[in-house]
Structure formats: structure tokens, C-alpha cells
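First up is the structure itself, then whatever we jot down about it.
Read the figures in this text as sums done on the coordinates, not as results from a lab. Please read all numbers here as calculations on a predicted model, not as lab measurements. Note: ideal-geometry Cβ built from the backbone for every residue, glycine included; neighbour counts use all protein chains shown.
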Amino acid sequence: MKTKSIIFKSAFMLACVLTVASCKTKEDPTPTPAGPKATTLTADIPAGSTRSLSADTVYTLGAQVQVSGTINIAAGTVIKGDKASKAALIILPGGKINAVGTATKPIVFTSAMAPGLRNAGDWGGIIIVGKAPVNQTTASVEGLTRPVNFGLDQIAATERKADDNSGTLQYVRIEFAGIPMQPDKETNGLTMCAVGSGTTIDHVQVSYCGDDSFEWFGGNVNCKYLIAYLGLDDEFDTDYGYSGNVQYAFGLRNPRIADVSTSNGFESDNDGGGTTATPKTSAVFSNVTLIGPWKNSKDGNVNKQYGAGMHIRRNSSISVFNSVFAGWNIGYVLDGSSTLTNAKSGSLAMENCYLVASKMGSVSATNTGNGAFTTSAVVDSIFKISNKYYATNDTLKIAGCFYDATKEGVAANPTSNLPGAGSALLTGAKYTNTKLGTFFDKTPTHIGAFGTTDWAKESWTNWDPQNTVY
């Protein structure tokens, strides 16, 4: 009896062990990895305080968030702009943004809409307002719910600093921004108001912007490696006395999409009235490539609102060197007698630039009033001395650099951003003009943004943000 009892107990214990093991297997499956945390930002960041954003959380801007203190954003962080609230991130004078991404871990500001539903103008973009010089007594950021003023009536000239520091933007993408806050009052992808040279801005891609991709209102900030991809209005707009430097800038257009105000590559004013206010708009650009809508003059169905590769007007003294403007309706427009005077005096300079395949068959024009333009022998006589003109893009081996609107998605993107082997654009850059100071790299031999290396295809960029899952 004792033996049978022991056998029975042993069998019972084994059954219990097997049962427990079986139950444990069913109750403890392999856990599913948790996704990134999510949170919404609506609160301002007051002076003296700091808010740090980390890459393990996806953030949604749920308001027009104003930063008087400091916002630190870690490499790889994703911030989405809410459409309903017309969200924006606004750095106020004295505030700082430290958005320091890397080539492999860029910081992404994008639309909160789902993939496939995103559009230009889904949110308000990034607005940085500093304390550097401007030439306007009254000036404000357009269209915000809470006005942000940055004119001399807010910060006196004696309190302005050319080297003012608003922080850092490096390896940053800004997608589907630039929203019409009010009629004729839009924000841009990246809006820079009185931003000083102490601020660091490089490796920034603005895609599908609902207004200008980049706009500077005064200030002295210097920038490198900028991309304007399939925006609506202008690629690079300079106003209110902006006098900084920009090197390596690239813009690409969709031939079907342009703004009712006329879309240009560059648009530049001293101010809205073309006054002699100082400091004067005198930005210096070098190594720029702006690819317009016209791959050739026979292209059909190009939006009629396209304008010039450069529309320089209202007493601007912007200068451009070693750059390519291809496939625009007009190569450049010097608009107004004061702007022409600046060109004659040399305060406005354009040297070693290539203007290619203008639709009108002309590369220069002047304004004849009421929005009409005519070719100008006077303008040509000034610029033909130090710039070059080509009738077709094939000649410079850049026909593959255009967006093909007859295709869909990424298939419409250029087959290459680089000039083909043997292109005249691969050599001949000159940096002898005194306007090209120490900020500029003087070693590149290529004309335009690219030589034999396509920095726009590095891993920090994105050429299909519409379908990217963030």
C-alpha cells in the first residue's frame, strides 16, 4: 500500500508540474515591442525655462507655441504640426532653439495628417525671431493668432546685435508647412526674422511648402546646404535688409504647381516700398541651383503663374555668384529703376552665373508696369560681361535634373541632380569678388550646388515625405 501511495503521489506531482508549465506557456507569450510614446505640445516655454524633446517620443504641436526660453530637440526626434490649430513653433527674441540632428538621425517637422493625406500648408512651420538689425520701424510676423512684432519700435537699433544667437538648426527637415493664416498673410517653411549671425543654420530641407520655402526678414544669419523641394511660391525670399550669406542651395519645382502671386526662384526686396531704408537688403549667395518648370520650351501644361529664376526688385542689392538658374519663364528680372541703379553701381552683383533655357527665349527683363515685362538690352549689357547663357538644358547636360510631372510619386523626381560628365558646370567657379568673404568655401570648382557629389541625396533628406510613416 505504501508503494502504491508513493507512485500515486509522484504521478500527481508530475501532472501538476506539467499543468503549471503548460499554463505558464499560454499566459506569457513573447511581448510585442512598444512603439514610441506620443505627447502634444501646447504650452509656451517662458523665459528662463527649458524644454527638452527626445527621440523616444513623437510630439504633436497642438498650438502656435511661443518659445522665450530654450527648446532642445534631440537628433532623430519627430514633431508633427496639427492642422486644425494652425500649429507653429515660434522662437521669440531672446529665445533659443537647439535642434541638432545628424546625417543619419535628422530632426523631422512634418504634418500630423496620415500618409497620403498630407498637403502643403498643413501647419505653420518654424518661425525664428531674433534681435539682429532690420530696416523697418514696424514689422510683424504675418498672420499669427498672437502678433509677434520685431521692428525698431519693439527693439531699438541700439539694442540690435548682428551676431545675435537664436540657437541651431542642423540636419532638419520641415515638411508640409507654410499655411495661410489669414488672407494674404502666410507663414513659410522656415521664416527668419532679424536672425543674427550667431545662429547656426545648415542642412535644412523644406518640402511641399504652402508659401515660400525660406524667407529672411532682415538679420545677418549665414546658411549652408538648403533644399527647397516642390514648394508653392518662391524658393528663397529676402526682405527688410537681410545681409547674410548662403552657400549650397538647391530648389526643384513641380511644373503643375505655382502660386497665384507668381512663383520665382529668388525674390528680393529692400522693403515693400522700395525705399532707401538701411541696412539694405544685400545678401550674398553662391553655388545655387534652381531648377524651374521648363525642361524645354515645348513643354506643355506648365502653370502660367511661373515667373523668373530671380526677380530682384524694390531697391534690393542682393548678389549671386557661381549659380545655375534653369528652365524658368525668364532668367532674371531687374525690376525698377533703383534696382537697375544698384546693378550699374556694383552694389548688386551677379557673376559667373549660368541662365539656361528660359521660356521667353530671353534671360533678362525689366518691369514695364502692370506686371508686364520686356527684354532689356541695358540689363543684358551689364550682365553678359560676366555670366553665361544657354538655350537648352541638354547643352549643359542637366536635362535629367528636372521634375517630371507626367509621372507619379518618386518616379517624378529627377534621375540625377548632378551635371553629366563633361558638363561646363563642373569647372570654372570663381571666388575673387570681395563680397565672397570668409564664410564661403573657396575650393569647389563647380557652378551651382553640385559637382560630382550629390549631397542632397544623403540620408538626412527625404524625397517622398507624402508616404513616409513617422
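Points worth noting:
- Computed [θ] at 222 nm, helices only, for the chain once each DSSP H run of length n ≥ 4 contributes -39500 (n - 2.57): -3000 deg cm²/dmol
- Cross-linked pairs 80/105; 359/435; 161/224: Cα-Cα separations exceed 24 Å for 359/435.
- Label separation (residue 50 vs residue 299): 4.8 nm, computed from points 7 Å beyond Cα along the C-beta direction.
- Qualifying aspartates and glutamates (Cα of each under 13 Å from Cα of residue 388; at least 8 residues distant if same chain): 351, 380
- Exposed loop positions in the chain were taken to be GluC sites (Glu not before Pro) whose DSSP state is not H, G, I, E or B and which have at most 15 other beta-carbon atoms within 10 angstrom. Between these positions, the longest stretch is 1-407.
- Residue 202-residue 145 pseudo-label distance in nm [points 7 Å out on the Cα-to-Cβ vector]: 3.7 nm
- Ascending count of other beta-carbon atoms within 10 Å, so fewest first, for 123, 216, 294, 455: 455, 294, 216, 123
- Within the chain, longest stretch free of exposed trypsin sites (Lys or Arg not before Pro) [DSSP loop, at most 11 other beta carbons within 10 Å]: 1-297
- Helix 2-27 axis, angle to the chain major axis (alpha carbon atoms, nearest 10°): 10 degrees
- Scanning residues 5 or more positions from residue 257 or on other chains, those with amide H under 5 Å from its amide H are 303, with H placed 1.01 Å from N in the peptide plane.
- Whole-Hz Karplus values for region 452-460 come out as 9, 10, 9, 5, 6, 9, 5, 5, 7 Hz, taken residue by residue from phi with 6.51 cos²θ - 1.76 cosθ + 1.60 and θ = phi - 60°; glycine and proline positions read x.
- Whether region 123-265 is rounded, prolate or oblate, judged on the alpha carbon gyration tensor where a/c under 1.5 counts as rounded: oblate
- In order along region 274-291, phi translates into HN-Hα couplings of x, 7, 9, 4, 10, x, 7, 5, 9, 4, 10, 10, 9, 6, 10, 10, 10, 9 Hz, rounded to whole numbers, per the Karplus curve 6.51 cos²θ - 1.76 cosθ + 1.60 with θ = phi - 60° and x for Gly and Pro.
- Each of 312, 385, 71 has some number of other Cβ atoms within 10 Å of its Cβ, and from fewest to most they run 385, 71, 312.
- Model label zone, residue 37; criterion: amide N under 15 Å from point 7 Å along Cα-to-beta-carbon; scope region 44-82: 51-60, 74, 77-78
- Amide H within-cut-off set for residue 263, under 5 Å, with H built and near neighbours excluded: 306, 307
- Extension gain (nm, one decimal) between residue 432 and residue 276, 0.36 nm per residue minus Cα-Cα: 53.4 nm
- Cut-off under 5 Å, modelled amide H: who pairs with residue 336 long-range: 367
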